Amino acid sequence: MFKPVLFRDRSRPAQIVLGGVTPAVIGALAGVMIGVSSGAYWAVAIIAGLGGLLSGLEHQDGWGGADRGLAGGFIYGVALLLAHAVAGTHAKVSLGSFPPLLAVVTALFGMCLAAVGGRLARAQRERDSAPPALDEPL
C-alpha cells in the first residue's frame, strides 16, 4: 500500500517548494495560458486541481488538507493573475467583473479538493489499521 510522507514530516525546504513554489509556478503557467488558449488554460487548471486533491493525501485528515489547499489555491490564484498581467494578453476565459476575487475562488476550490484528499487518506489509514472481519480469511 502506498503511504505518502506527511507534509509535516518533510524538510522545511521541501514544504516551501511543495506548498508554495509549485502552486505559484502552476498558477503562473495558467496565467500565461489564459491569454493563449482557453483549452490550454483549462488543461492547466485541471492539473492544478488534481495536484490540490493529491496534496491532501499528505495530511492526517481533511482539516489538515483543507489548510494546505486554502494556502496553495490562494498562491495559485495570485500567481495566475500576476502572470496574466505581466503577459499583457487578453484573457480567453472570463476573469469575472472583479479579477482579484479569482484568488479567493481558487483558494476555496483548493481547500475543498485538498480536504477531500485528506479525508481519503484518513479513510485508507483506518481501513489498513482495522482488524480483519470474522468472515475474512487471515
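The values are calculated or read from the model by the stated rules, or taken from the named source; none is laboratory data. Just so you know, these numbers come straight off a predicted model, no measurement behind them. Backbone-built Cβ (ideal geometry, glycine too); neighbour counts: all protein chains shown.
Give the stretch 28-47 a look and list any residue that's free of Cβ contacts under 8 Å to residues at least 60 places away in the same chain and either crowded, with 16+ Cβ neighbours inside 10 Å or aromatic (Phe, Trp, Tyr) (or both), or say none. Once the filter is applied, which keeps residues that are free of Cβ contacts under 8 Å to residues at least 60 places away in the same chain and either crowded, with 16+ Cβ neighbours inside 10 Å or aromatic (Phe, Trp, Tyr) (or both), the stretch 28-47 yields Ala28, Leu29, Ala30, Gly31, Val32, Met33, Gly35, Ala40, Tyr41, Trp42, Val44, Ala45.
Can you name the residue in the stretch 50-102 that is assigned to a loop (DSSP other than H, G, I, E, B) and small (Gly, Ala, Ser) and is also farthest from Arg119 (Cα to Cα) among such residues? Filtering the stretch 50-102 for residues that are assigned to a loop (DSSP other than H, G, I, E, B) and small (Gly, Ala, Ser), the one farthest from Arg119 (Cα to Cα) comes out as Gly88.
Against the definition (of a type in the set (S, T, N, Q) and over 19 Å from Val17 (Cα atoms)), how does Ser129 come out, yes or no? The answer is yes for Ser129. None of Ala115, Ala121, Ala79 is at pLDDT below 95 and buried (at least 17 other Cβ atoms within 10 Å of the Cβ) except Ala121. Flag: Arg12 does not match the condition of being at pLDDT below 95, of a type in the set (Lys, Arg) and either under 14 Å from the mean Cα position of the chain (by Cα) or surrounded by fewer than 20 Cβ atoms within 10 Å (Cβ to Cβ) (or both). Out of the stretch 50-75, which residues are surrounded by fewer than 20 Cβ atoms within 10 Å (Cβ to Cβ) and small (Gly, Ala, Ser)? Scanning the stretch 50-75 gives a single hit, Ala71.
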